[in-house]
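The values are calculated or read from the model by the stated rules, or taken from the named source; none is laboratory data. Source: prediction; values computed, not measured. When we count neighbours, we look across all protein chains shown, and the Cβ atoms used for this are built from the backbone with ideal geometry, even at glycine.
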Protein chains: 2
Amino acid sequence: MVLDTMKTRRTIRQYTDQEIPDPLLNELLEIAARASNTGNMQLYSVVVTREQEKKKQLAPAHFNQPMATQAPVVLTFCADANRFVKWAKQRNAEPGFDNFQTFIAAIIDSMLFAQTFCVAAEEKGMGICYLGTTTYHADQIIEILQLPQLVVPITTITLGYPANQPEQPERLPLEAILHHETYQDYTENSIEKLYQAKEELEANIQYVKENNKETLAQVFTDIRYTKKNNEYFSDVFLEVLKKQGFL
Amino acid sequence: MVLDTMKTRRTIRQYTDQEIPDPLLNELLEIAARASNTGNMQLYSVVVTREQEKKKQLAPAHFNQPMATQAPVVLTFCADANRFVKWAKQRNAEPGFDNFQTFIAAIIDSMLFAQTFCVAAEEKGMGICYLGTTTYHADQIIEILQLPQLVVPITTITLGYPANQPEQPERLPLEAILHHETYQDYTENSIEKLYQAKEELEANIQYVKENNKETLAQVFTDIRYTKKNNEYFSDVFLEVLKKQGFL
């Protein structure tokens, strides 16, 4: 039953040697293409990496995280207005798709496609891991995968059969993310309450210690997602959007 | 079997009167929260609209499409760094999250959450429709839903039990969206081949006629997604990102 799979899922970062044959991969991609998309323009593409040499080329863009080379298949999901624009021009139509709103539609389409793929893959017993590094080093990925104008990599998935079964990570309580009718902004008290269970988790207490920090939040702001890096990679990605023709 | 539901799904724009009780809605949202997200920061929120008055307020932002007021539940999914930043500040941490890269992480998180929600809802027999108008009129939606700094609406879903069973729309053949190892750019010939079935569909031929156009592509470029509108709504949305603190 699918909802059970969805309820108990966890990200998988280690994979067995079991291959994922093309017919199975294609079946999952066909299912993913059934997802909603903007005006049925399907403003996305996916680049499948199976060759070890290509995985190694991509690895530095993903901070050499081991799953990027260890997974049997790596998929790079791209916002893509190139195909639609080429078609339109061939059909006596004048597309005005070189702008930010089209990019936003294309990132939405790409994520609908990518996540539907992941749910289907997990339902078939595979495991996935999203690599958030894709938009950090989009410039490098564009070069390696030879992405043309109006194509920008959005996210990457490593895919394979699980070699382990990690603990399911915690999530904030539902009331933390859910608002009724209007957004109820957080108060000091509500923040205390909503983050309490997360902060009291033994694994998170250990995580703070290992990183020599006072609070869990500091691990994120001082180490994992620093202001300096966020700002640097913002500039890189905005430059990529300009270069690829979306800004 | 979930993959069958995913394979045969179609967007639903008309709904029966059957209500969606809170426990069921909450179950689906809990499942959606199991989706991957950036560093487990959960950079998203959802605002649930059930009150008819609120739906009517939102309707113009969605070009008064009937499903926006006819659906029993409307959900607005938002990129949200506000909650995380408030928590960090309360924990002696200095977040640097007021930038474009954080917005991109948050839009990705929002879409993973939204699409997982949709797959689960469809598996439970409900139908959904994405409203792409959300980023066009993000400024209006921010005001109506009272979204604070570092919160931006990304997409909206209308949800209910299907009142009809429309035809499943066509998709491009898989080879149109799939690239192996590197991106194989499209040629005049490949575009002809990939779009042929779509253009020969009786429904699409009719659609071109109804719109008094020569080609299907022109319906998109001249009527549905014009250069003028795309550019206008690009400016609006970039302004929203600045105002909400992401640019």
- Query: Wholly within segment A:1-98, which helices (runs of 4 or more DSSP H) include no fewer than the required count, namely at least 3 residues that are over 19 Å from the mean Cα position of the chain (by Cα)?
  - Reply: A:2-8, A:22-32, A:52-58, A:82-90
- Item | So residue B:157, is it modelled with pLDDT of 95 or more, in contact with an Asp or Glu (Cβ under 8 Å, 6 or more places away or on another chain) and part of a strand (DSSP E or B) | no
- Message: Residues to consider are A:239, A:170; find the one that is in contact with a helix residue (DSSP H, G or I) (Cβ under 9 Å, 6 or more places away or on another chain), part of a loop (DSSP other than H, G, I, E, B) and touching a residue at least 12 places away in the same chain (Cβ under 8 Å).
- Response: A:170
- Only one of B:91, B:83 is closer than 30 Å to residue A:214 by Cβ, touching a helix residue (DSSP H, G or I) at 6+ places or on another chain (Cβ under 6 Å), facing chain A (nearest Cβ under 7 Å) and free of Cβ contacts under 8 Å to residues at least 60 places away in the same chain, namely B:91
- Message: If I filter segment B:128-149 for residues that are over 30 Å from residue B:98 (Cβ atoms) and either touching a strand residue (DSSP E or B) at 6+ places or on another chain (Cβ under 6 Å) or not in a loop (DSSP other than H, G, I, E, B) (or both), do I get at least one hit?
- Response: yes
- Taking residue A:220 as the residue in question, decide whether it is closer than 24 Å to residue B:36 by Cα, in contact (Cβ under 8 Å) with a residue 60 or more places away in the chain and within 10 Å of chain B (Cβ to nearest Cβ). no
- Selected residue (only one of B:40, B:64 is free of Cβ contacts under 8 Å to residues at least 60 places away in the same chain, surrounded by fewer than 20 Cβ atoms within 10 Å (Cβ to Cβ) and within 20 Å of residue A:229 (Cβ to Cβ)): B:40
- Message: Take the conditions out of contact with any Leu (no Cβ under 9 Å at 6 or more places or on another chain), surrounded by fewer than 24 Cβ atoms within 10 Å (Cβ to Cβ), more than 7 Å from every other protein chain (Cβ to nearest Cβ) and among the acidic types (Asp, Glu) and apply them to residue A:4. Does it pass?
- Response: yes
- Residue in segment B:112-127 that is surrounded by the fewest Cβ atoms within 10 Å (Cβ to Cβ), counting only those that are assigned to a loop (DSSP other than H, G, I, E, B) and touching a residue at least 60 places away in the same chain (Cβ under 8 Å): B:124
- When you look at residue A:240, is it at pLDDT 95 or above, touching a strand residue (DSSP E or B) at 6+ places or on another chain (Cβ under 8 Å), of a type outside the set (Phe, Trp, Tyr) and over 19 Å from residue B:94 (Cα atoms), yes or no? yes
- Could you tell me whether segment B:125-132 includes any residue that is more than 16 Å from the chain's Cα centre (by Cα) and either within 7 Å of another protein chain (Cβ to nearest Cβ) or on the phi > 0 side of the Ramachandran plot (or both)? yes
- segment A:156-200: number of residues that are surrounded by fewer than 13 Cβ atoms within 10 Å (Cβ to Cβ) and facing chain B (nearest Cβ under 7 Å): 1
- Message: Please go through segment A:146-155 and give me each residue that is crowded, with 23+ Cβ neighbours inside 10 Å and farther than 25 Å from residue B:46 by Cα, ordered by number.
- Response: A:147, A:150, A:151, A:152, A:153
- Query: Would you call residue A:51 at pLDDT 95 or above and out of contact with any helix residue (DSSP H, G or I) (no Cβ under 8 Å at 6 or more places or on another chain)?
  - Reply: yes
